[in-house]
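Input: a single structure, listed below in structure tokens.
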Amino acid sequence: LAQLEPDPALSHERQLRSAIDRFIAWAEQHPKLYVAVSSNGNHDAREVHAGALGTISGWIIGILADIGVPVTPALTIAVSGWIAFSEKIVQDWLADPRLTRDEVADLCESACYHVLQIVIADPGEWRRVQAALVETPRTEPVRQPSLTDWRSRSARRPPGPAPAARTRVPSRPAARAR
């Protein structure tokens, strides 16, 4: 899964294509393992596979949520369906490689965008999503504070009463009383 993790230095569109390319390359390098794990293997293999699919689905849905696509049951089901569709394409390609790897990747990538367009439904909203997908979200990964960060911060605080809580500033002016 680490090989498929989105690279925040790339646009969302490039993140998807890069993950598809790496996924296909891995399946091509390990065809027996991939087919065994992805096609109803033993209980442990099914659990690992389900966890991997859930992680990949979460990445895709997270990217879409970041660009303002509402996370609906239809979106969640559609992303899961696209992943299953793409898996079947890769399985069939491994069994009968009449397409090039790039053609398989193009088919998977195009299918993803068509599924999203159907779920989004509104042509204006779809154009906005398309524009947002080609933008690069940020140049470096967001680093979450660790427990060590919190400990070192509290260790640097001088002894005495805790600092006063900050007052929340409203994001927009309050309505005037009449």
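The values are calculated or read from the model by the stated rules, or taken from the named source; none is laboratory data. This is a predicted model, so every value here is computed, not measured. Here the Cβ is made from the backbone with ideal geometry for all residues, glycine too, and neighbour counts use every protein chain on show. Ligands, DNA and RNA are excluded from the accessible area calculation, which covers all protein heavy atoms including side chains. Shrake-Rupley method; radii C 1.70, N 1.55, O 1.52, S 1.80 Å.
Points worth noting:
- Within segment 24-48, residues that are within 21 Å of Glu109 (Cα to Cα) and of a type in the set (D, E, K, R) have Cβ atoms under 9 Å from residues that are open to solvent by 40 Å² or more (accessible area, probe 1.4 Å) and assigned to a loop (DSSP other than H, G, I, E, B) in these pairs: Glu28/Pro97, counting only partners at least 6 apart in sequence or on another chain.
- Residues that are on the phi > 0 side of the Ramachandran plot, without any contact (Cβ under 8 Å) to a residue 12 or more places away in the chain and not hydrophobic (A, V, I, L, M, F, W, C) do not occur anywhere in segment 65-84.
- Among the conditions (1) surrounded by fewer than 17 Cβ atoms within 10 Å (Cβ to Cβ); (2) modelled with pLDDT of 95 or more, the only one that Val104 does not satisfy is (1).
- Taken over segment 56-70, residues that are under 12 Å from Ile120 (Cβ atoms) and aliphatic (A, V, I, L, M) amount to 3.
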